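S.K.: Next up is a structure, given as structure tokens.
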There are 2 protein chains.
Amino acid sequence: MVEDKENVANGEQVSKKGAKKLAKAAKKAEQKAETASAVAANNAAGDSAEDHAAGKYGLSEMIQSKDKRSERNFVPVSELSGQVAKGLVWVRGRVHTSRSKGKQCFLILRQQSSTVQCILAVGDVISKQMVKFAGNIPKESIIDIQAKAVAVSSKIESCTEQSLELSVEQIFVISQAKAQLPLQIEDASRPELADDAEGLNIRVNQDTRLDNRVLDLRTPANQAIFRLEAGVCRLFRDILTEKGFTEIHTPKIISAASEGGANVFTVSYFKDSAYLAQSPQLYKQMAIAADFDKVYTVGAVFRAEDSNTHRHLTEFVGLDLEMAFKYHYHEVLHTIGNTFTAIFKGLRDKYAREIESVGQQYKVDAFKFLEPPLILQFADGVAMLREAGVETGDEEDLSTPNEKLLGRLVKAKYDTDFYILDKFPLAIRPFYTMPDPNNPVYSNSYDMFMRGEEILSGAQRIHDPEYLIERAKHHGIDTSKIAAYIESFRYGCPPHAGGGIGMERVVMLYLGLDNIRKTSMFPRDPKRLTP
Amino acid sequence: MVEDKENVANGEQVSKKGAKKLAKAAKKAEQKAETASAVAANNAAGDSAEDHAAGKYGLSEMIQSKDKRSERNFVPVSELSGQVAKGLVWVRGRVHTSRSKGKQCFLILRQQSSTVQCILAVGDVISKQMVKFAGNIPKESIIDIQAKAVAVSSKIESCTEQSLELSVEQIFVISQAKAQLPLQIEDASRPELADDAEGLNIRVNQDTRLDNRVLDLRTPANQAIFRLEAGVCRLFRDILTEKGFTEIHTPKIISAASEGGANVFTVSYFKDSAYLAQSPQLYKQMAIAADFDKVYTVGAVFRAEDSNTHRHLTEFVGLDLEMAFKYHYHEVLHTIGNTFTAIFKGLRDKYAREIESVGQQYKVDAFKFLEPPLILQFADGVAMLREAGVETGDEEDLSTPNEKLLGRLVKAKYDTDFYILDKFPLAIRPFYTMPDPNNPVYSNSYDMFMRGEEILSGAQRIHDPEYLIERAKHHGIDTSKIAAYIESFRYGCPPHAGGGIGMERVVMLYLGLDNIRKTSMFPRDPKRLTP
């Protein structure tokens, strides 16, 4: 109790002072009417009758780092179960929902993915005015509450903390949200498949979500998706570091279009113009020629493709790797395949909670993989497609529908959501791809697939400058424009292979989500440059 | 011995076939004369006399992944000491230097930072022709040798493997370098401070290095610098992950200039135009408003500044972090300070070998730091400068010379190369910086310095939208242009602070190097866009 008095005394949340200040600020705002409503309701109540809870609630002053120390020792919501029947604790969180009912106010406090029910009931501690105040706090506002954790006899189904509730004794608004939200977190969190019991079936469409990403990202599924995404990057790096890879950083502004002139963004560079890198390809290979042996890089990749599909972005995060090998590019292919296996295991074992969270909203089928991964020849894939009645040429690239169909055929036959397709036709790969020495139709190149969609494309690269020139000419490429690239191989270069992975695709397909915009925190496509 | 026969038999390095093929390729090349010289010399010798070493040397076929398995079990150079007097081993590496002397050839083989001496002497195994061939292999070519590791009585000072040499029995060129190199690795590796005993003092200037980065990066110092740089990133991420931070990825293409309109690159974006992000500032803050609590991001940052200095790049790697706090931004300041301490310790403890390698070429003074880090007030820094006779205003930013002088004064007084300067004048910080509630002249902002140069700038940000508008107007900013930024704070946002670190600067200053181009693998400045 001494604790509380000190808090009030040191002025950190004197409600009248805070209210005045915020009220003044609110006057200046365009959203004046909205934000002031809670304050006004509170003040009105406060003025009309004696308030025995005065000083126990209100709007805090803006936290401006005035005082070094606070006596509030905050407990995370997820650790409240250890606090039951142990006296008062402080919790900071958001008002997820609040509703007053006569002399009581029920409020759900949310902290990231955790939620807990809080109650205020008029009595010795709580006043009528305080209950009214609590009931009027706009949803999504950040509040500090002091409360006792109390065990409940019947499970609270609507919260993640189901066995306890918080009996509130003090409540202060730290950061007040607008009363009118462009979307409701409840709506944005609603399971996609489940029928809404109340028959409302309110969903939030994608553009509304993305336009209000700060709110949308607060849903439990999004909190989980982006934590899992951080996990994919972490696993990718840790696994490769363990295998002796060195992280490098490659420039995004380049002087010549890295993968030919198409689909490249132009940048004005002082008095000149330049391009945004479509891949770190050249730089990874230069690092290999420079004796770094095994390298990876994680960074932005840009594609000026006017593709408005579920799986294309104009900017995405590339997980790229390149590796010198001794004799056969399969040394690299197996390294990449095993890296995927290790990532899948890591996600399964360390991110089970996140996967479950996403599953509460979206239909997530467990991701299946074989160990070691399944490797098929491109020709075998073509044969499987033909067997299924599809006409496709020997040297024809897989169309998106065929790619997906092949994924289903492979899943049916081998029960795996991940597989590697090796030996793509030479004709459909870039000029720097090493031809297959044993069959001129094919090349030492591969794609990898998750749930029937390509997530990695890679190959052995030609490390011999003369042969590279020959192949470039064969492709009708002006070799003077790629002179610097060719030059990199003139000072001795080990045979090498590698590949590039689209991070957002890996997360989308691992979770079985239907749109890449769900796995890009701030997606960029031909029609979206904001927020 | 069976091993060797198999190798020859399976055609992997039949020298004549290989030579023919490469000779044919060489004809097509512009550099025909140069690359063919070694081959010609070899062929000439081979034709004139019987060669009892035929098949034991030559140019290998280009490695095109023809055969799945090779019987060559390669041993890394750094592990050769375990192979002394144990029979034949295979090693793949580069010809660092080679020199024939009558019936002997001495060759130094390099593998990343490791070097070992190899000898071929005419006798039962080695022919005259073979010695000549070995002596003519262009420097920097990649070769496979089969050899016995033999202990030597006197230390070989010129190699990292000083107690042994390799007695070669087979030698094949895997990838041949041009005979004329634009720079010599020996010259590029020469210690900067030491006088050259032979009085030549050959150095390689920076532009030549950067123009030929693939060669330049092969020096032991560069091999070490970029491994240490990977270490900085790894430590940064691991330490923050440990502290509960989540990694995020922020868009580089943005619709409005993030830090005001100056110094921003413009990108053509389909029919529109866009900008390259000058920092992930807005997005980090949005992630905080979206309940990610503590976030970091590692990625490219762009500055269209026409600054041609030792420490400016137009594109660099930003190590950015942002963190919600409870009461005081010092919660964040201490987190960042402690992160630096942990990075410095990690480098010292885990990268001692790399630091030593860099020290072989450049003067590297051990980096000194205090634990916990020294925190000075901006006003204290001003007082120290004035005491040293410098005139500087209370609300004036530190000029570069003053910044450096202050670094020297701090070092002299506190014996630390790292310190934090807190409470910068409000007037010289961006509009979104939280003013100091206790003194209107100052703000809740800080810079951090290594060896007297700024490597981090950070602050508590204004999380209240009305106050943010007030401050933006005070700075004469058109608030309609930053409406989206302000809007992010209207749905409840916790108080937060953060900062951005220039990765290349950290590595440069940790090692005490004199130019940021030494710590950017492929640097970009107003005059350099290649390689």
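The values are calculated or read from the model by the stated rules, or taken from the named source; none is laboratory data. None of the values given here were measured: they were computed from a predicted structure. Every residue, glycine as well, gets a Cβ built from its backbone with ideal geometry; the counts of neighbours run over all protein chains shown. The accessibility values were calculated without ligands, DNA or RNA, using every heavy atom of the protein model including side chains. Shrake-Rupley method; radii C 1.70, N 1.55, O 1.52, S 1.80 Å.
S.K.: On the given criteria, is B:S158 within 14 Å of another protein chain (Cβ to nearest Cβ) and at pLDDT below 95?
M.R.: It is false that B:S158 is within 14 Å of another protein chain (Cβ to nearest Cβ) and at pLDDT below 95.
S.K.: For segment B:164-185, how many residues are within 14 Å of chain A (Cβ to nearest Cβ) and either over 30 Å from B:G55 (Cα atoms) or in contact with a helix residue (DSSP H, G or I) (Cβ under 7 Å, 6 or more places away or on another chain) (or both)?
M.R.: 9
S.K.: For A:G87, work out the one condition from (1) surrounded by 15 or more Cβ atoms within 10 Å (Cβ to Cβ); (2) under 15 Å from A:E169 (Cα atoms) it doesn't fulfil.
M.R.: Against the list (1) surrounded by 15 or more Cβ atoms within 10 Å (Cβ to Cβ); (2) under 15 Å from A:E169 (Cα atoms), A:G87 comes up short only on (1).
S.K.: Which one of these is more than 13 Å from B:V168 (Cβ to Cβ) and either within 12 Å of another protein chain (Cβ to nearest Cβ) or out of contact with any Leu (no Cβ under 7 Å at 6 or more places or on another chain) (or both): B:S81, B:S114?
M.R.: B:S114
S.K.: When only residues in segment B:342-355 that are in contact (Cβ under 8 Å) with a residue 12 or more places away in the chain and within 26 Å of B:T115 (Cα to Cα) count, which is least open to solvent (accessible area, probe 1.4 Å)?
M.R.: Among residues in segment B:342-355 that are in contact (Cβ under 8 Å) with a residue 12 or more places away in the chain and within 26 Å of B:T115 (Cα to Cα), the one least open to solvent (accessible area, probe 1.4 Å) is B:L347.
S.K.: Has segment B:500-512 got any residue that is open to solvent by less than 20 Å² (accessible area, probe 1.4 Å), among the small types (G, A, S), touching a Gly at 6+ places or on another chain (Cβ under 6 Å) and away from every other protein chain (no Cβ under 12 Å)?
M.R.: no
S.K.: When only residues in segment A:51-69 that are part of a loop (DSSP other than H, G, I, E, B) and more than 10 Å from chain B (Cβ to nearest Cβ) count, which is most open to solvent (accessible area, probe 1.4 Å)?
M.R.: Here the answer is A:H52.
S.K.: Let me ask another. Can we say B:R209 is open to solvent by 10 Å² or more (accessible area, probe 1.4 Å), modelled with pLDDT under 95 and touching a helix residue (DSSP H, G or I) at 6+ places or on another chain (Cβ under 8 Å)?
M.R.: No: the conditions fail for B:R209.
S.K.: Still on this structure, I have one more. Which of (1) within 14 Å of chain B (Cβ to nearest Cβ); (2) surrounded by 16 or more Cβ atoms within 10 Å (Cβ to Cβ) does A:F106 not meet, given it meets every other one?
M.R.: Only one criterion is unmet by A:F106, namely (1).
S.K.: Got at least one residue in segment B:356-365 being more than 19 Å from B:R505 (Cα to Cα) and touching a Phe, Trp or Tyr at 6+ places or on another chain (Cβ under 8 Å)?
M.R.: Among the residues of segment B:356-365, not one is more than 19 Å from B:R505 (Cα to Cα) and touching a Phe, Trp or Tyr at 6+ places or on another chain (Cβ under 8 Å), which makes the answer no.
S.K.: Read through the list (1) surrounded by 19 or more Cβ atoms within 10 Å (Cβ to Cβ); (2) out of contact with any Gly (no Cβ under 6 Å at 6 or more places or on another chain), then give the number of the only condition that A:I336 fails.
M.R.: That leaves (2) as the condition not met.
S.K.: Same structure again: Any idea which residue in segment A:217-256 is modelled with the lowest pLDDT, counting only those that are among the small types (G, A, S) and open to solvent by 10 Å² or more (accessible area, probe 1.4 Å)?
M.R.: Here the answer is A:A256.
S.K.: Restrict the check to segment A:448-469 and report whether at least one residue is touching a residue at least 24 places away in the same chain (Cβ under 8 Å), of a type in the set (D, E, K, R), touching a Pro at 6+ places or on another chain (Cβ under 8 Å) and within 14 Å of another protein chain (Cβ to nearest Cβ).
M.R.: No: segment A:448-469 contains no residue that is touching a residue at least 24 places away in the same chain (Cβ under 8 Å), of a type in the set (D, E, K, R), touching a Pro at 6+ places or on another chain (Cβ under 8 Å) and within 14 Å of another protein chain (Cβ to nearest Cβ).
S.K.: Same structure again: Can you pull out the residues in segment B:357-394 that are of a type in the set (D, E, K, R) and assigned to a loop (DSSP other than H, G, I, E, B)?
M.R.: B:K363, B:D365, B:K368, B:E371, B:E391, B:D394
S.K.: Please verify whether segment B:70-77 includes one or more residues that are more than 29 Å from B:E354 (Cα to Cα), crowded, with 17+ Cβ neighbours inside 10 Å and charged (D, E, K, R).
M.R.: Yes - at least one qualifying residue is present in segment B:70-77.
S.K.: If a residue has to be over 30 Å from B:P526 (Cβ atoms) and either touching a residue at least 24 places away in the same chain (Cβ under 8 Å) or out of contact with any helix residue (DSSP H, G or I) (no Cβ under 8 Å at 6 or more places or on another chain) (or both) to count, how many in segment A:239-259 make the cut?
M.R.: Here the count works out to 6.
Let's see how each residue does on (1) under 17 Å from B:T97 (Cα atoms); (2) within 33 Å of the chain's Cα centre (by Cα); (3) open to solvent by 10 Å² or more (accessible area, probe 1.4 Å):
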{"position": "B:K148", "(1), (2), (3)": "no, no, yes"}
{"position": "B:K155", "(1), (2), (3)": "no, yes, yes"}
{"position": "B:V168", "(1), (2), (3)": "yes, no, no"}
{"position": "B:A177", "(1), (2), (3)": "yes, yes, no"}
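S.K.: Can you tell me which residue within segment B:358-383, out of those that are open to solvent by 30 Å² or more (accessible area, probe 1.4 Å) and among the polar types (S, T, N, Q), is nearest to B:E403 (Cα to Cα)?
M.R.: Only one residue fits best here, namely B:Q377.
S.K.: Restricting to segment B:70-100, give me the number of residues that are of a type in the set (A, V, I, L, M) and assigned to a strand (DSSP E or B).
M.R.: Total meeting the criteria: 5.
A quick yes/no check of all residues on (1) touching a residue at least 40 places away in the same chain (Cβ under 8 Å); (2) within 21 Å of B:V358 (Cα to Cα); (3) not aliphatic (A, V, I, L, M):
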{"site": "B:S141", "(1), (2), (3)": "yes, no, yes"}
{"site": "B:E157", "(1), (2), (3)": "no, yes, yes"}
{"site": "B:Q170", "(1), (2), (3)": "yes, no, yes"}
{"site": "B:L183", "(1), (2), (3)": "no, yes, no"}
{"site": "B:E192", "(1), (2), (3)": "yes, yes, yes"}
{"site": "B:V204", "(1), (2), (3)": "no, yes, no"}
{"site": "B:R209", "(1), (2), (3)": "no, yes, yes"}
{"site": "B:T219", "(1), (2), (3)": "yes, yes, yes"}
{"site": "B:Q223", "(1), (2), (3)": "yes, yes, yes"}
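S.K.: Sticking with this one: Could you figure out which of (1) at pLDDT 95 or above; (2) surrounded by 17 or more Cβ atoms within 10 Å (Cβ to Cβ); (3) not aliphatic (A, V, I, L, M) isn't true of A:S268?
M.R.: (2)
S.K.: A:E395 passes all but one of (1) more than 14 Å from every other protein chain (Cβ to nearest Cβ); (2) under 30 Å from A:H463 (Cα atoms); (3) without any contact (Cβ under 8 Å) to a residue 40 or more places away in the chain; which number fails?
M.R.: Answer for A:E395: the failing condition is (3).
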